[in-house]
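Chemist: Next up is a structure, given as structure tokens.
The values are calculated or read from the model by the stated rules, or taken from the named source; none is laboratory data. Computed from a predicted structure; not experimentally measured. In this analysis, Cβ positions are derived from the backbone assuming ideal geometry, glycine residues included, and neighbour counts consider all displayed protein chains. These accessible areas exclude ligands, DNA and RNA; they are computed on the full protein's heavy atoms, side chains included. Shrake-Rupley method; radii C 1.70, N 1.55, O 1.52, S 1.80 Å.
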Amino acid sequence: MKKNKVILGFTALIIGCFLSILDSTIVNIALPDIANYFNESINNISWIATGYLLSFSVFLIIGSKIADQFGRKKVFIIGLIIFGAASGLCGVSNSILFLIIMRFIQGIGAAILTPVIIPLGIDIFGKEKRGFIIGISGAITALAAAAGPPLGGVMLEYLNWKTIFYVNVPLSIIAIFLGVIFLDESFDNTVSKKIDIAGTVLLTVSLFCLTFALLKGGDYGWNSSSIIILFIIFVISMIIFLIVESKISEPMLPLNLFRESTFTTSCICYMTSGFGIAAPLLILNFYLEKILMYSALKSGLILMTLSLSGAVSVPLGSFLSNKLGTRIINFLGLILISVATIGLAHIDNNTSILNIRLILIVFGFGFGFSVQSISSAIKYLPLEKSGMASGIINAGRQIGTCVGVAILVSILNTNVNNAVVNIKDDVKHEISMDKTLNTDIKDKMLIKIDNMKSDSGSFSKEDIVKNINEEGKKLLAKTPEGRRAFVLNSLEQQKSKVLNIINYSQDVRNKEISKAFNNTFRVSYIILFVFSIFGLFTDKRVK
């Protein structure tokens, strides 16, 4: 009976862990369909993803504190209820505003259930199984993060966007049922029930302003007054928060945790791996869908390679940590992520899917190894502080991902815009230098190039050929019967020259756009290599 209780109780935790991470990525692939359903711009629809990430990032630490004070099992069950109910309401939404609000509430549910998974798991299996619990939760995290795009693609292919939300409801009910019956209550008996209202408000404001600014800075403009004010509020509120927390006897966030160097460096490591994961899950996915023109499902299945290798490497990393030491595995994990990002920086239109998958396997192993920073973070902390530590380190990973998205998307947009300018200038020069092209045809090609899409750097070959044929019909209508054969032959020559120029433009486009993505990945791996050094300090017992 006890064995069944352990298995079923831990199953509830696994379901909760999987759902909370899955919903941070699975919805992104459905945004175009949702935009069409509500007849809204993609900019407004993007709040569906932003709202979830915002509340998820902000309430992780607060949720862990409330759980420590009033019961982790209670908070886990409440989190599942909020998450499941909000998921169902997302599916029945009849307005975009209601859907965004429900996504924000859904993120709150995910935030308060996520940090209690590890301490509840330790209560189930015992302190000596801490590495196993972290290994399983890390594997589920890796699997869920990268499983979102392919699972979402399958649902969109055969069902509709509403099922992405509906599927959470029965799974949440199962987890609630198992949790109520098979989980025991757990507290941090060293903290009081007194709520630090000032600290809670200040931390909420601070994290909200930081996360909002990072997620929407690209849309509003980094130099916009709104974003600058948000960053200023973040800095001021965080300084006040640290002062307040250092003065009171029962702080919301125990700052003395950061005196443990292993915990602090482990948080930095996990934040760094969160930053690194933005490169494949966002930038590479954009390249596959928008540049290589792969379907969302095909792109998702390619990215699934990362999640599968991550799921395998997390328990392997746990095993190797016991043999070699956590600091070596954490450092190796960040190095592998860096090396894999170098591989991404060399992808172009000629790169095979097999090579992309091999790069993602390396990335998955790096992420799986870097997850061991969760284990090292709580290794030397009192057992009752594992809940708060879990909340802090998970919040760090979320913020790291937000920073990665903010930096890489901004750099990518700049690089792509520059690339499109280079493509236009190069191709327009090639057209202008050709003295044999018909003037009308040349002018129409130049107009098409000026209207070239800024996100892909390409223009339609079919449209230009259609314009040539239309110009040819007009010209033939004015041509005497005896000269029509000559004119037709001339038009075919013109068409051949135009097609050659279009093919040339595609070569230029492939080269310039690939360079734009490569330069973006280059920034990512430089940052990753710099911060990987913290992996060597994630175990204070340095021999």
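Chemist: Between V339 and S224, what is the label-point separation in nm under the 7 Å Cα-to-beta-carbon projection?
Modeler: That separation, rounded to one decimal, is 4.2 nm.
Chemist: Longer than 23 Å from Cα to Cα, which of K129/K379; K5/K74; K74/K162; K2/K323 are they? Say none if no pair is.
Modeler: K74/K162; K2/K323
Chemist: Excluding I124 itself, what net charge comes from residues whose Cβ is under 15 Å from its Cβ, given Lys and Arg +1 and Asp and Glu -1?
Modeler: Numbers: positive: K2, K3, K5, R72, K73, K127, K129, R130; negative: D123, E128, D184, E185.
Net local charge, I124 excluded: +4.
Chemist: Sort 337-345, 113-121 by packing, meaning the average of other beta carbons within 10 Å per residue, with the highest value first.
Modeler: Those peptides, ordered most packed to least, come out 113-121, 337-345.
Chemist: Here's a follow-up. Which value, in debye to the nearest 20, gives the size of the charge dipole of region 309-429 about its Cα centre, when Lys and Arg are +1 and Asp and Glu are -1 at the Cβ? Walk me through the numbers on the way to the answer.
Modeler: Numbers: 8 positive and 4 negative charges, 67 e Å.
Computed charge dipole of region 309-429: roughly 320 debye.
Chemist: Another question about this same structure. Let me check I've understood the local charge: for Q69, count other residues with C-beta under 15 angstrom from its C-beta, Lys and Arg +1, Asp and Glu -1. What total comes out?
Modeler: Working: positive: K65, R72, K73, K74, K193, K194, K385; negative: D68, E185, D188, D196, E250, E384.
Result for the local shell: +1.
Chemist: So, one more: Provide the packing ranking of 195-208, 176-189, i.e. peptides ordered by the mean count of other C-beta atoms within 10 Å per residue, highest first. It would help to have the intermediate numbers written out before the result.
Modeler: Values: 195-208: 18.4, 176-189: 16.8.
Going by the mean number of other Cβ atoms within 10 Å, highest first, we get 195-208, 176-189.
Chemist: Simple spin-label model, 7 Å along Cα-to-Cβ: N4 to N36 in nm?
Modeler: 4.8 nm
Chemist: Based on the Cβ-Cβ distance from S410 to I243, what FRET efficiency comes out when R0 is 30 Å, to the nearest 0.05? Show your work: numbers first, answer last.
Modeler: On the way: r = 32 Å, r/R0 = 1.06.
The formula returns an efficiency of 0.40 here.
Chemist: Return, ordered by residue number, the residues of region 243-264 whose backbone nitrogen is under 18 Å from a label point located 7 Å along Cα→Cβ of Y380.
Modeler: 255-264, by backbone N distance to the label point.
Chemist: Let me ask something additional. Could you give the length gained by full extension between K129 and V180, i.e. 0.36 nm per residue of separation minus their alpha carbon distance, to one decimal place?
Modeler: Working: separation 51, 0.36 × 51 = 18.36 nm, distance 2.26 nm.
My answer for the length gained is 16.1 nm.
Chemist: Put a dot 7 Å past each Cα toward the Cβ at N350 and L316; how far apart are the dots in nm?
Modeler: Roughly 3.1 nm, to one decimal.
Chemist: For region 181-237, what is Rg from Cα atoms divided by 2.2 N^0.38 Å, rounded to two decimals?
Modeler: Scaled against compact globular proteins, the figure is 1.71.
Chemist: Quickly rank 62-74, 5-17 as a protection proxy: mean count of other C-beta atoms within 10 Å, highest first. Provide the component values of the computation, followed by the final result.
Modeler: Working: 62-74: 23.1, 5-17: 19.5.
Packing order, densest peptide first, comes out as 62-74, 5-17.
Chemist: Here's a follow-up. Indicate the gyration tensor shape class of region 257-387 (rounded, prolate or oblate), computed on the Cα atoms with a ≥ b ≥ c the square roots of the eigenvalues: a/c under 1.5 is rounded; otherwise a/b larger than b/c is prolate and the rest oblate. Can you show the working numbers first?
Modeler: Details: a/c = 2.61, a/b = 2.30, b/c = 1.13.
It comes out prolate by the Cα gyration axes.
Chemist: Could you tell me how many cubic angstrom of Cα convex hull volume region 315-386 has per residue? Kindly include the intermediate steps, with their values, before the conclusion.
Modeler: Working: hull volume 6.5 nm³, N = 72.
About 91 Å³ per residue, rounded to a whole number.
Chemist: Right, another one. Report, to the nearest whole %, how much of the accessible area of region 1-122 belongs to carbon and sulfur atoms, 1.4 Å probe, protein only. It would help to have the intermediate numbers written out before the result.
Modeler: Values: 2820 of 4030 Å².
It is 70 percent, rounded to a whole number.
Chemist: I would also like to ask the following. Per residue, how much accessible area does region 37-161 show when a 1.4 Å probe rolls over the protein heavy atoms, in square angstrom? Walk me through the numbers before you get to the answer.
Modeler: Numbers: 4170 Å² over 125 residues.
Value for region 37-161: 33 Å² per residue.
Chemist: To check my understanding: the extent here is largest minus smallest coordinate of the Cα atoms along each principal axis. What are those three numbers for region 150-189, in Å, largest first?
Modeler: 49, 19, 13
Chemist: Using a Förster radius of 60 Å, what is the FRET efficiency between I173 and N418 based on their Cβ-Cβ separation? Nearest 0.05, please.
Modeler: Details: r = 51 Å, r/R0 = 0.85.
Taking R0 as 60 Å, the efficiency between I173 and N418 is 0.75.
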